[in-house]
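Reviewing the structure listed below.
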Amino acid sequence: MAKKTKKIARREWTAADVKELRAHSKARTPVVKIAKQMKRSEGSLRQKAIALGIGLGHQR
């Protein structure tokens, strides 16, 4: 029996998404809450934050 794999649907980062991520970073919102609100994985949020040079999460 073959396993079903879920197709990864990638979404581009819009200027509004980046602005929202910066606002969450400044407000020190937990990554779990940001992920649910923006409908993105925690890993993708962390990677984008690193690329933007902003802190995210509890360890800064």
First in region 4-22 and under 17 Å from Ala35 (Cβ atoms), second anywhere and in a loop (DSSP other than H, G, I, E, B) and not basic (Lys, Arg), Cβ under 9 Å, 6 or more apart: Leu21/Trp13; Leu21/Ile54; Leu21/Leu56; Arg22/Ile54
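Hey, could you check region 8-60 for residues that are of a type in the set (Ser, Thr, Tyr) and part of a loop (DSSP other than H, G, I, E, B) and say which is surrounded by the most Cβ atoms within 10 Å (Cβ to Cβ)?
Thr29
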Long-range neighbours under 8 Å by Cβ, at least six apart or interchain, first residue farther than 13 Å from Glu20 by Cβ within region 33-55, second exposed (fewer than 12 other Cβ atoms within 10 Å of the Cβ) and of a type outside the set (Ser, Thr, Tyr): Glu42/Val32
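None of the figures in this text is laboratory data; all of them are computed from the coordinates on show. Quantities reported herein were computed from a predicted structural model and do not represent experimental measurements. For neighbour counting, all protein chains shown are included, and Cβ atoms are generated from backbone atoms with ideal geometry for every residue, glycine included.
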